[in-house]
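The values are calculated or read from the model by the stated rules, or taken from the named source; none is laboratory data. The structure displayed is predicted, hence computed values, not measured ones. Cβ sites come from the backbone with ideal geometry, for glycine too, and all protein chains shown count toward neighbours. Each accessible area value is taken on the protein alone, full model and side chains, heavy atoms only, with ligands, DNA and RNA left out. Shrake-Rupley method; radii C 1.70, N 1.55, O 1.52, S 1.80 Å.
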Amino acid sequence: MRLYRIAMLTAAALGGAAPLFADEDLAARMGSSREVVAAFAGALRDRLISAMANGGPAAAVEACSIAAPEIASEASVAAGWRVGRTSLKPRNPANAPDAWELAVLRDFERRQRAGEDVGTLERAEFVIRDGRRTFRYLKAIPTQPLCTVCHGSRIAPAVAAAVDRLYAEDRARGFEVGDIRGAFSITQPAP
């Protein structure tokens, strides 16, 4: 945050356009990103729990393959941002991290090893992307006990068959409770 403030003050001193309240802009964008992530996570959790209750874990895999992209798309359209998920071990290769996400996910892993709670890991900053100022946000997804049914080390054969059928390039297995499963990712255009 301090480096960003220095960069913005430097840009202003050099005649560059800089928001007057860069820290407030960052804080406001973080707040709205947290709200979108909470809504995304809640909607996805509800759909998975319903599918699990009605058809078991294999049905939840099927539901997730449809629901997660739908929810991300709806959130992206509603907010006017790119909203999604990523991971160092993605189930869907379309969710592989870009360079910024990769660096942040690796930093999350380092911070977890240093003792930080996975549930509190997040990062927000303004970056230059394709020549434009852009707000980026990543919020770690902790592996919960229910996650291990489809993402753990011991997956039931029917669940593994559903994953294999829907995700030919799946790498999202072997997680233990408390691991960083991945992260919610938000990209916002910024003036």
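Scanning the range 81-133 for residues being over 24 Å from GLY152 (Cβ atoms), assigned to a loop (DSSP other than H, G, I, E, B) and without any contact (Cβ under 8 Å) to a residue 40 or more places away in the chain gives a total of 4.
Per-residue answers, yes or no, for (1) open to solvent by 30 Å² or more (accessible area, probe 1.4 Å); (2) within 13 Å of the chain's Cα centre (by Cα); (3) among the aromatic types (Phe, Trp, Tyr):
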site	(1), (2), (3)
GLY55	yes, no, no
ALA67	no, no, no
ARG85	yes, yes, no
ASP98	yes, yes, no
ARG113	yes, no, no
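Against the conditions (1) in a loop (DSSP other than H, G, I, E, B); (2) over 22 Å from ASP98 (Cβ atoms), ALA161 satisfies every one except (1). When ASP130, ASP117, ASP164 are screened for being open to solvent by 30 Å² or more (accessible area, probe 1.4 Å), on the phi > 0 side of the Ramachandran plot and either over 14 Å from the mean Cα position of the chain (by Cα) or at pLDDT below 95 (or both), only ASP130 passes. The residues of the range 137-161 that are surrounded by 14 or more Cβ atoms within 10 Å (Cβ to Cβ) and in contact with a Phe, Trp or Tyr (Cβ under 9 Å, 6 or more places away or on another chain), listed by number, are TYR137, LEU138, LYS139, ALA140, ILE141, THR143, CYS147, THR148, HIS151, GLY152. Could you list, in sequence order, all residues of the range 169-191 that are at pLDDT 95 or above and either β-branched (Val, Ile, Thr) or over 20 Å from the mean Cα position of the chain (by Cα) (or both)? Matches in the range 169-191: VAL177, ILE180, ILE186, THR187.
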